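Peer 1: Sharing a structure here in structure tokens format.
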Amino acid sequence: MTNLWSGRFDTAPDAAAFQFGASFRFDRRLFEDDVTGSLAWARALAKAGVLTGDQARQIEDALTAILAQGTAEAAFVDGPDEDVHSFVERLLVERLGDAGRRLHTGRSRNEQVSLDLRLYLRRRIPLLKRAVAGVVGALAAQADAATDALMPSFTHFRPAQPVLVAHFFLSHAAPLRRDYARLAGAREESDALPLGSGAIAGTAYDVDVDALARDLGFTRVVANSMDASSDRDFAATFLYACAMTMVHLSRLAEDLIILCGDEHRFFELSDALSTGSSMMPQKKNPDPLELVRGKSGRAIGHLVGLLTTIKGLPTGYNKDLQEDKEAVFGAEDTLSGCLAVVRSVVGGVTLNRARAASAASGLLLATDVADYLVGRGVPFRRAHEIVGALVRRLVAEGRDFESLSIEEWRTASDRFEPDVVSRVTPAVSVGAKRTPQSTGPSAVRARLAEVRQWLDDVGELC
Ligand code: ARG
């Protein structure tokens, strides 16, 4: 078989080495983008006077037909070709002969592959953003349904202070909103036209790259043709956005695995999204969440893999860069699958109010007791000591604050008054928090309203 560069060589390529270097089996995913780019290039060549109007029209018609066929029938995008660019060009030449052979004038696959990947990310990132917003919507719906329900928060995974369950759900919405912005940033970074860079030095034809950028919907043209031929920063930025989102999904999964588990049971997973054991009949396992946690390793791996691939490359295109695509596609698939399943799991979680609230009580009110003393003029450090000693005694006796008589309170400090009993409860603790980012009920309500407004702005129903 001849290929795009066989004129240079005496012998046919070694079949195994050719297969080793071929990327068609995975870059076929860029088919639509490759044709889109070629259609625009044909128009640009016609404007530059390289193609006659008639030749450009023939090329455009043939490419449009190829695109229609390839979109209608996935199996059509197949063949012995080295990559998707060779595939499209082969079909074009088969249909048009010499007119097809003119399309690659002034253009290199080095910029073509960069263009295709940029076009691909530009159209695919919005789908991921939408799926991220979907998870934020499911978290907001849970926050809404939780109303004034209480649960403990943890530091060092030891009970820390009472919080609203709504605050917990919104604590997972906040990082996902940053991920949304990161994905938007990755799309913005991809938004530069590399065509006109040629193989590395630029193109000798009078192509109006600004018009070409507009034609393809890019807001700008790359700054330097040498840089453009080896720049995959935009792909790495995308992989970072995916990896970070996966880290957040993994942590959400971990929280739910623990808090739905028998030791806590603050929440219950829906049966439809749990799995059983082949041997132990009592088991209800959180497999989907465990897989999300597990798959975060892939997304991080894709990022580290690409950074490692590009870190030692000399300037200009190197075939190593072909490794970018499987990383991008792999991260995209992993993330979109995980976002969908996390959205369902979060949507199907039910709250065990009584159990979560009772775990929010007890010694984790110690800070509130110290704050009570501060309110009575005791310096905080001193209050901390007094309450620490009281906690030590209660732990030794297996009791908590509720069981203390007023005499016992007053033995600890004569600043305690009878109202301490009604002042030291989880609901009062939560109600006392005042800062806008706190678990104070009005702050959480305001934050939830703000998340809803954001969902509305990004076009996500919740
Ligand atoms: N399949 C190649 C890639 O993915 C396309 C660019 C090939 N360019 C070249 N000079 N061999 O990077």
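The values are calculated or read from the model by the stated rules, or taken from the named source; none is laboratory data. Values in this document were obtained by computation on a predicted structure and should not be read as measured data. Virtual Cβ from ideal backbone geometry, glycine too; neighbours counted across all protein chains shown.
Peer 1: Taking VAL77, is it within 13 Å of the ligand (Cβ to nearest atom) and crowded, with 18+ Cβ neighbours inside 10 Å?
Peer 2: no
Peer 1: Something else about it: Look at region 310-364 and say how many of its residues are crowded, with 17+ Cβ neighbours inside 10 Å, outside any helix (DSSP H, G or I) and not hydrophobic (A, V, I, L, M, F, W, C).
Peer 2: Total meeting the criteria: 4.
Peer 1: Another question, if that's okay. Which of the residues that make up region 77-110 are among the β-branched types (Val, Ile, Thr) and more than 37 Å from the chain's Cα centre (by Cα)?
Peer 2: The first filter runs over region 77-110 and keeps only residues among the β-branched types (Val, Ile, Thr), leaving 77, 84, 88, 93, 105.
Result: VAL93, THR105.
Peer 1: Please pick out the residue among GLY276, GLY301, GLY294, GLY305 that is loosely packed, with under 14 Cβ neighbours inside 10 Å and either on the phi > 0 side of the Ramachandran plot or at pLDDT 95 or above (or both).
Peer 2: After applying the criteria, what remains is GLY294.
Peer 1: For a quick check of your reading of the model, give me the residue pairs whose first member lies in region 293-311 and is over 21 Å from ALA340 (Cβ atoms), whose second is at pLDDT below 95, with beta-carbon atoms closer than 7 Å and at least 6 apart or on different chains.
Peer 2: Final answer for the pair search is none.
Each row is one residue, and each column tells you yes or no for (1) in contact with a Phe, Trp or Tyr (Cβ under 8 Å, 6 or more places away or on another chain); (2) in a helix (DSSP H, G or I); (3) at pLDDT 95 or above; (4) surrounded by fewer than 22 Cβ atoms within 10 Å (Cβ to Cβ).
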residue	(1), (2), (3), (4)
ALA166	no, yes, yes, no
GLY202	no, no, yes, yes
ALA241	no, yes, yes, no
MET244	no, yes, yes, yes
GLU254	no, yes, yes, yes
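Peer 1: Let me ask something else about it. Taking only pairs six or more apart or across chains, which ones have beta-carbon atoms under 9 Å, a first residue in region 89-102 that is over 15 Å from LEU39 (Cβ atoms), and a second residue that is of a type in the set (D, E, K, R)?
Peer 2: ARG90/ASP81; VAL93/ARG101; ARG101/GLU89
Peer 1: Still on this model: Among the listed residues ARG410, ARG434, ARG447, ARG452, which satisfies the condition of being touching a Leu at 6+ places or on another chain (Cβ under 9 Å), basic (Lys, Arg) and modelled with pLDDT of 95 or more?
Peer 2: ARG447
Peer 1: Let me ask another. Got a sec? Which of ASN110, ASN3 is part of a loop (DSSP other than H, G, I, E, B), over 17 Å from LEU216 (Cα atoms) and within 16 Å of the ligand (Cβ to nearest atom)? If you could, list the steps in order and put the result at the bottom.
Peer 2: On the way: ASN110 fails: part of a loop (DSSP other than H, G, I, E, B).
Going through ASN110, ASN3 in turn, just one is part of a loop (DSSP other than H, G, I, E, B), over 17 Å from LEU216 (Cα atoms) and within 16 Å of the ligand (Cβ to nearest atom): ASN3.
Peer 1: Within region 34-48, is even one residue without any contact (Cβ under 8 Å) to a residue 24 or more places away in the chain and either of a type outside the set (A, V, I, L, M, F, W, C) or surrounded by fewer than 18 Cβ atoms within 10 Å (Cβ to Cβ) (or both)? Step through it out loud before you land on a result.
Peer 2: Going residue by residue through region 34-48, those that are without any contact (Cβ under 8 Å) to a residue 24 or more places away in the chain are 46.
With either of a type outside the set (A, V, I, L, M, F, W, C) or surrounded by fewer than 18 Cβ atoms within 10 Å (Cβ to Cβ) (or both) added as a condition, the list becomes none.
No - not one qualifying residue is present in region 34-48.
Peer 1: With THR315, THR334, THR350, THR309 as the choices, which residue is more than 15 Å from the ligand (Cβ to nearest atom) and either under 26 Å from ASP233 (Cβ atoms) or aliphatic (A, V, I, L, M) (or both)? Show your work before the answer.
Peer 2: Values: THR315 fails: more than 15 Å from the ligand (Cβ to nearest atom); THR350 fails: either under 26 Å from ASP233 (Cβ atoms) or aliphatic (A, V, I, L, M) (or both); THR309 fails: more than 15 Å from the ligand (Cβ to nearest atom).
Just one listed residue meets the conditions, THR334.
Peer 1: Still on this structure: Being over 39 Å from the mean Cα position of the chain (by Cα) and in contact (Cβ under 8 Å) with a residue 24 or more places away in the chain is the filter; apply it to region 49-62 and report the residue that is farthest from ASP78 (Cα to Cα).
Peer 2: To start, the set of residues in region 49-62 that are over 39 Å from the mean Cα position of the chain (by Cα) comprises 49-58.
Right, trim to in contact (Cβ under 8 Å) with a residue 24 or more places away in the chain and you get 49-51, 55, 58.
Numbers: GLY49: 33, VAL50: 30, LEU51: 28, GLN55: 26, GLN58: 23 Å.
Here the answer is GLY49.
A quick yes/no check of all residues on (1) touching a strand residue (DSSP E or B) at 6+ places or on another chain (Cβ under 7 Å); (2) without any contact (Cβ under 8 Å) to a residue 12 or more places away in the chain; (3) of a type in the set (A, V, I, L, M):
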| position | (1), (2), (3) |
| --- | --- |
| LEU364 | yes, no, yes |
| VAL369 | no, no, yes |
| TYR372 | no, no, no |
| PRO379 | no, yes, no |
| ARG392 | no, yes, no |
| VAL428 | no, no, yes |
| GLN437 | no, yes, no |
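Peer 1: Does region 370-389 include one or more residues that are exposed (fewer than 13 other Cβ atoms within 10 Å of the Cβ) and outside any helix (DSSP H, G or I)?
Peer 2: Residues of region 370-389 that are exposed (fewer than 13 other Cβ atoms within 10 Å of the Cβ), as a first pass: 375, 377, 379-381, 388-389.
Then drop every residue that is not outside any helix (DSSP H, G or I), which leaves 377, 379.
Taking every residue of region 370-389 in turn, at least one turns out to be exposed (fewer than 13 other Cβ atoms within 10 Å of the Cβ) and outside any helix (DSSP H, G or I).
Peer 1: Let me confirm something: among VAL88, VAL93, which residue is aliphatic (A, V, I, L, M) and either more than 16 Å from the ligand (Cβ to nearest atom) or not in a helix (DSSP H, G or I) (or both)?
Peer 2: Of the residues listed, the single one that is aliphatic (A, V, I, L, M) and either more than 16 Å from the ligand (Cβ to nearest atom) or not in a helix (DSSP H, G or I) (or both) is VAL93.
Peer 1: Still on this structure, I have one more. Please identify the pairs in which a residue from region 315-329 that is within 13 Å of ALA199 (Cβ to Cβ) has its Cβ atom under 6 Å from the Cβ atom of a residue that is within 6 Å of the ligand (Cβ to nearest atom), counting only partners at least 6 apart or on another chain.
Peer 2: TYR317/ASN110
Peer 1: Would you check if there is a residue in region 71-79 being in contact with an Asp or Glu (Cβ under 9 Å, 6 or more places away or on another chain) and over 25 Å from GLY202 (Cα atoms)? Spell out how you get there, then give the answer.
Peer 2: Taking region 71-79 as the starting set, the residues that turn out to be in contact with an Asp or Glu (Cβ under 9 Å, 6 or more places away or on another chain) are 71.
Of the ones still in play, those that are also over 25 Å from GLY202 (Cα atoms) are 71.
Looking for residues that are in contact with an Asp or Glu (Cβ under 9 Å, 6 or more places away or on another chain) and over 25 Å from GLY202 (Cα atoms), one finds at least one in region 71-79, hence yes.
Peer 1: A further question on this structure: Criterion first (crowded, with 23+ Cβ neighbours inside 10 Å and of a type in the set (A, V, I, L, M)) does ALA184 satisfy it?
Peer 2: No: the conditions fail for ALA184.
Peer 1: For region 390-439, which positions are assigned to a helix (DSSP H, G or I) and aliphatic (A, V, I, L, M)?
Peer 2: LEU390, VAL391, LEU394, VAL395, ALA396, ILE406, ALA412, VAL420, VAL421, ALA427, VAL428, VAL430
Peer 1: Let me ask something else about it. Is it fair to say PHE24 is within 13 Å of the ligand (Cβ to nearest atom) and either surrounded by fewer than 16 Cβ atoms within 10 Å (Cβ to Cβ) or acidic (Asp, Glu) (or both)?
Peer 2: no
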